[in-house]
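Here is the structure we will look at.
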Amino acid sequence: MTVAVFVALAAVALAAGVAAVWRAPAWALPVLACALAGVMLLYQATGLALVTIAAIVGAALVMAVARGPARVGAPADVAAPSGRLGAGRLAAVTVAVAGLLFVLVGTWARQFLWTGRELPPGSSWGELPGLGVALGGAPGLLGVGFVIVVAAAACAGPPRHRI
Amino acid sequence: MPITHVYYLASGLWLLGLAGVLLRREGWGRTLALVVMLVGAATVLVGAARAWALADIHGLAALMFALAGAYAVVLATLQPEPDREGP
């Protein structure tokens with residue numbers, strides 16, 4: 001049952017990823033974040049699921065707002081040529097991605113195929129207080145995150161008018 | 001839940017993002033593909049944290065998710081806005 005739920009969530013996440021890469025719609029990132037949050041709940045990472053939904057969905061909302069007026073005001077013939085992909089380019093990327101897929105998935109499958117490694121029943125590992133303690137013990141990471149948030153807030157401000 | 005499952009999912013997301021970065025030419029699509037790549041990399045950390053039962057890896061994964069969100073916001077707002085006063 002758990003594996004079936006995981007397969008369903010993974011299928012939704014991969015479909016949202018394909019949609020994001022292929023057509024770049026605004027709804028792809030929120031759907032991807034929600035599916036990944038479900039996966040994290042299956043892996044007992046409840047705090048991380050909350051962080052994921054907050055970060056990715058928040059970013060998707062800001063992106064939709066930032067791109068909304070530009071999309072409305074853009075000429076109709078600007079976005080049309082970008083959707084066409086050359087056959088040679090598509091074949092080269094397919095070969096490269098297939099090679100990486102073989103290396104990555106094959107290596108991980110052989111290296112991390114563990115059985116019987118489970119958390120003890122009733123363990124509170126993965127919940128939000130533990131995540132808070134982990135982040136509190138890494139002030140450097142928190143500093144980097146703070147700089148990122150400040151930079152994002154600065155860039156998400158109203159557009160500057162050029163003379 | 002086997003650990004390998006989340007690695008398969010992370011691999012798929014990362015490779016999807018890589019294909020998007022290589023195939024898409026406009027900034028908006030490439031930005032979304034880069035975000036998908038970052039999310040895939042952070043998903044690897046979810047599996048690693050579950051395998052070793054280390055909350056520190058969760059902290060790093062949380063930072064990567066925040067980085068992906070902030071990255072998306074910064075690049076989306078840096079896209080040039082079309083000139084609306086043209087003919």
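The values are calculated or read from the model by the stated rules, or taken from the named source; none is laboratory data. Predicted, not measured: the structure shown is a model, and the values here were computed from it. In this analysis, Cβ positions are derived from the backbone assuming ideal geometry, glycine residues included, and neighbour counts consider all displayed protein chains. When the accessible area is computed, the model is the full protein with side chains, heavy atoms only, and any ligands, DNA or RNA have been set aside. Shrake-Rupley method; radii C 1.70, N 1.55, O 1.52, S 1.80 Å.
Scanning the stretch B:1-16 for residues that are open to solvent by less than 10 Å² (accessible area, probe 1.4 Å) and more than 7 Å from every other protein chain (Cβ to nearest Cβ) returns a single hit, B:Ala10. With respect to (1) at pLDDT 75 or above; (2) more than 7 Å from chain A (Cβ to nearest Cβ), the lone exception for B:Gly86 is condition (1). Does B:Trp28 satisfy the condition of being surrounded by fewer than 20 Cβ atoms within 10 Å (Cβ to Cβ) and either in contact with a Phe, Trp or Tyr (Cβ under 7 Å, 6 or more places away or on another chain) or touching a residue at least 12 places away in the same chain (Cβ under 8 Å) (or both)? Here the answer is yes, as B:Trp28 does meet what is asked.
Count, please, the residues in the stretch A:84-94 that happen to be over 25 Å from B:Thr4 (Cβ atoms) and at pLDDT 70 or above.
If we filter the stretch A:84-94 for residues that are over 25 Å from B:Thr4 (Cβ atoms), which is where we start, we get A:84-93.
Adding the requirement that they be at pLDDT 70 or above leaves A:87-93.
Here the count works out to 7.
Could you please give the count of residues in the stretch A:18-43 that are touching a residue at least 40 places away in the same chain (Cβ under 8 Å) and surrounded by 19 or more Cβ atoms within 10 Å (Cβ to Cβ)? Total satisfying the criteria: 2.
If only one of A:Ala15, A:Ala66 is modelled with pLDDT under 80, among the small types (Gly, Ala, Ser) and either open to solvent by less than 10 Å² (accessible area, probe 1.4 Å) or assigned to a helix (DSSP H, G or I) (or both), which one is it?
A:Ala66
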